[in-house]
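Only one structure is covered here, and it is reproduced in the block below.
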Amino acid sequence: MAPADDEPTGIHCRLDELLAERGMTVTRLSELVGISVVNLSVLKNDRARAIRYSTLRAICDALDCEVGELLVLSPPASVAGRA
């Protein structure tokens, strides 16, 4: 069953960490990929519900990273609580 719109997806976007590692701002990334700062903020704060492959590719190209470096699975809340 798919999560409701207000439930966490279990996918974490590492955009903040990758930007920091590269000394890049969200504003600069926005300029490079043609995506608004607001939309990038939604992504980096794990509030995005979907992402286009073309957007994902543009971000990965600009950050010189792989998709798996940008998006990672986070442990389910029930498992994390027991760990």
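The values are calculated or read from the model by the stated rules, or taken from the named source; none is laboratory data. Everything numeric here is computed off the predicted structure, so don't read it as measured data. The protein model used for the area step is the full one, side chains on, heavy atoms only, and it has no ligands, DNA or RNA in it. Shrake-Rupley method; radii C 1.70, N 1.55, O 1.52, S 1.80 Å.
Need the full-extension length gain, V42 to E66, defined as separation in residues times 0.36 nm minus the C-alpha distance. One decimal, nm.
Details: separation 24, 0.36 × 24 = 8.64 nm, distance 1.98 nm.
Working it through step by step, the gained length comes to 6.7 nm.
Which value, in Å² rounded to 10, gives the accessible area of L73 with a 1.4 Å probe and all protein chains present?
Only protein atoms counted, so the area is about 150 Å².
Could you derive backbone 3J(HN,Hα) for the stretch 58-64 from the dihedral phi with the Karplus parameters 6.51, -1.76 and 1.60 (θ = phi - 60°), listing whole Hz in sequence and x where the residue is Gly or Pro?
Per-residue couplings from phi come out as 5, 5, 4, 5, 5, 9, 6 Hz.
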